[in-house]
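See structure below.
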Amino acid sequence: MRRLLLTVAATTAAALSLTACGTTEPAADDDKKSGEHLTLTDASGAKVELDGPAKKVVGTEWNVVENLISLGVDPVGVADVKGYKTWDTAVPLKNKPKDIGTRGEPSMDTIASLKPDLIVATTDLKPGAVKQLRKVAPVLNVRTADAADPVGQMTENLDLIAKATGTTNQAAKLKKEFNAKIAEGRRELADADLDGAKYAFADGYVVSKKVSIRPFTSGSLIGAVNAKLGLKNNWKVKGDKVYGLGATDVEGLTKLDDDVQFAYIGNDKDKSSTPFTGPLAKDKVWTSLPFVKKGNVHRLPDGIWMFGGPESMNQYIDAAVAELTK
């Protein structure tokens, strides 16, 4: 299975020439006293000391960037700005942050030039890079994902970032909206007699003319959300312990049940991510699959980030429910 860091953007965006000051716009009753000292423990077990809620923040991964913006914090630096704009449309950038390089190898010099109060990184970033970043500014390292409790990890990350930025009331609002969206989506699916429906979600890639398909098992964030919607995961493959992602090819799709509802996400701005409308469109195995013949294949809109925060998951729920019930 290709590493997550290498599967989403075909190219790295060039560094933007403009920078903007980050701003924090929390709920009115959040505590924003500038002299308030904060001590937090991040996912690596490190103590993170802040003089007060962080305002100038850099995000090295798209899910933390999404969380920051959702919480009312416009990051001053973002990894792969072009990629974020392509893959995460639920929470658009409101400012013009400095592009700090790739998500796997952010530029230390660029980040240092921004003089951030805080750098939010994830456990996908190499420990050596995190160590270097700590010399620039305090680093809050969040656990990227956990297949044992995907939704719990998503909200835990949101809460930790909210504590660091003084936006805990906004975090509570986001979680409430997410739970309401789950309940609404489940009701709509049940009304359409889809409670307990067999469902398989995937994305895929074309590398050297070879198609790879990535199943989102019940341990993925999408898979966990599907379960809360009352859908039954039909994948037979096992996912990894972090993201709950599996690996298969078109032959592996023959193991799905005939009456499964199959959904996927691609992106026309990244042609390597659209095998279902590309090479597979004329593939005899694909076209012979019972669920393909029945028309039970659903392409969800581009720009839904499958590894994002509550607002990306809200966007996913709306799209999945609309497709399944139309």
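Descriptive notes on the structure:
- Verdict on D117 being acidic (D, E) and either touching a helix residue (DSSP H, G or I) at 6+ places or on another chain (Cβ under 6 Å) or buried (at least 24 other Cβ atoms within 10 Å of the Cβ) (or both): no
- Condition met for I111 (in contact with a helix residue (DSSP H, G or I) (Cβ under 6 Å, 6 or more places away or on another chain) and at negative phi): no
- Yes/no for A183 being in a helix (DSSP H, G or I), without any contact (Cβ under 8 Å) to a residue 60 or more places away in the chain and out of contact with any helix residue (DSSP H, G or I) (no Cβ under 6 Å at 6 or more places or on another chain): yes
- Single residue of I265, I304 found to be within 21 Å of V207 (Cα to Cα) and among the aliphatic types (A, V, I, L, M): I265
- Test for F307: is it crowded, with 16+ Cβ neighbours inside 10 Å, closer than 18 Å to K232 by Cβ and not acidic (D, E): no
- Taking the range 289-303 as the range and being closer than 18 Å to G252 by Cβ and under 28 Å from the mean Cα position of the chain (by Cα) as the test, the residues that pass are F291, V292, N296, V297.
- Test result for E251, surrounded by fewer than 19 Cβ atoms within 10 Å (Cβ to Cβ), touching a helix residue (DSSP H, G or I) at 6+ places or on another chain (Cβ under 7 Å) and either modelled with pLDDT of 95 or more or under 30 Å from A137 (Cβ atoms) (or both): yes
- G219 closer than 24 Å to T86 by Cβ, crowded, with 22+ Cβ neighbours inside 10 Å and not assigned by TED's automatic domain parsing to the domain that holds T155: no
- Put simply, of D195, D257, D268 the only residue that is touching a strand residue (DSSP E or B) at 6+ places or on another chain (Cβ under 6 Å), in a loop (DSSP other than H, G, I, E, B) and surrounded by fewer than 16 Cβ atoms within 10 Å (Cβ to Cβ) is D257.
- Residue list for the range 104-125, restricted to those being more than 18 Å from D74 (Cβ to Cβ) and of a type in the set (S, T, N, Q): S107, T122, T123
- Qualifying residue in the range 280-289 (condition: of a type in the set (K, R) and in contact (Cβ under 8 Å) with a residue 24 or more places away in the chain): no
- Residue check for V285: within 24 Å of A145 (Cβ to Cβ) and surrounded by fewer than 17 Cβ atoms within 10 Å (Cβ to Cβ): no
The values are calculated or read from the model by the stated rules, or taken from the named source; none is laboratory data. Values in this document were obtained by computation on a predicted structure and should not be read as measured data. For neighbour counting, all protein chains shown are included, and Cβ atoms are generated from backbone atoms with ideal geometry for every residue, glycine included.
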